[in-house]
1. Quote the charge dipole size of the range 48-116 about the Cα centre in Debye, to the nearest 20; the model charges only the Cβ of Lys and Arg (+1) and of Asp and Glu (-1).
2. If I fit a long axis through the Cα atoms of helix 184-195 and take the longest principal axis of the Cα atoms of the chain, what angle between them do I get, 0 to 90°, rounded to 10?
3. Specify the angular offset, from 0 to 90 degrees and rounded to the nearest 10, of the alpha carbon long axis of helix 274-285 from the longest principal axis of the alpha carbons in the chain.
4. Spelling out what I want: for every residue of the range 74-90, take phi, set θ = phi - 60°, compute 6.51 cos²θ - 1.76 cosθ + 1.60 (Karplus), and round to whole Hz; glycine and proline get x.
5. Would you work out which of L109, S149, A189 lies farthest towards the positive end of the dipole of the range 102-201? Charges go on Cβ: Lys and Arg +1, Asp and Glu -1.
6. Take the alpha-carbon positions of the chain, form their convex hull, and give its projected area averaged over all directions (one quarter of the hull surface) in nm².
7. Suppose the chain between Q73 and D85 were pulled fully straight at 0.36 nm per residue; how much longer would it get relative to their current alpha carbon spacing?
8. Rounded to a whole number of µm²/s, how large is the Stokes-Einstein D of the range 102-201 at 4 °C and 1.567 mPa s, given Rh as the Kirkwood radius over C-alpha pairs?
Amino acid sequence: MADDPVAVPVDRLRAARGFVFDLDGTLVLGDRNNLGLAPLPGAVELTRWVSRRGLPFAVLTNGTTKTPQQLAQALRAIGFTLSDDAVLTPASSAAAVFVRRGYRRVLVLGGDGVAVPLREAGVDVVEPDGRPEAVDAVLAGWFPGFTLSALEAACQAVWAGAHLYSCSQSLFFATAGGRAIGTSRAISAMIGSLTGARTRLVGKPSRAALSAAASRLKVPASALVVVGDDPELEVPMAHRGRALAVAVSSGLGGPDSYRHLPAERRPHLHVAGVDELLSVCRAALG
């Protein structure tokens, strides 16, 4: 149930010009490789309701196991109606950051889910194959095959002046089998420990991630509704962009996850899942 039905932010819901949904634990649950995805109750219906109201929406995930296009295809296969460009990953926001900063060559610690969005943006992707090459940045993403030679290549790049970026600093993400450990934080922590470099985040809850979604939707961040399950990600990101923060308890964050926080860091609305959010939206907006 919503924490306080009287406090449902009806005015802000009515003023919303777009929605940003988290993926794992909010709209779907799958395994650690984003396989076997299944919609959570109300997820397909909520996205269709948003579209019928003429509002754009984006799916913003911190996962980089797949490209945005592959994730969009997987979501369509289980009933969602959305275009390829409706899905964004940290590689999407990284591409925007790198292009804006004039980075031409980036050492990628990850697979196609990390590399493809960069290539599509015109960034030259360098593999950690042991050959020393000058790069502007190192980007750590989903990389279960990370090796000592990749670590050495990344450290050599940072020692030579490259900036260190991480797709995610989260400890875990939600799967149908419970919590799964991400790789971005672990990999960037190793590089940072050896080099002393500061890790710059391009995934949630960074402003770069929300800005990428707002730019894709052509909607100011402050006019968005941000929906997610992780107390460390979507709600802080929404507050940073002055968006409407909606928390669901269907993933990592349970009913008590926000009670210890000051009012300014809590979600504006906390519901059990997106099925309840749909009921709230229908009651408030028709």
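1. For the range 48-116, the charge dipole is close to 200 debye.
2. For 184-195 against the chain, the angle is about 40 degrees.
3. Result, in degrees: 50.
4. Karplus-based 3J(HN,Hα) across the range 74-90 equals 5, 5, 4, 5, 10, x, 6, 10, 6, 8, 4, 7, 7, 10, 10, 10, x Hz.
5. In the range 102-201, that residue is A189.
6. 14.0
7. Taking Q73 through D85 to full extension adds about 3.2 nm, to one decimal.
8. Roughly 96 µm²/s, to the nearest whole number.
Any read-out appearing in this document is the output of simple, stated calculations on the displayed coordinates, not a laboratory observation. Here the structure is a predicted model, which means the values were calculated and not measured. Cβ sites come from the backbone with ideal geometry, for glycine too, and all protein chains shown count toward neighbours.
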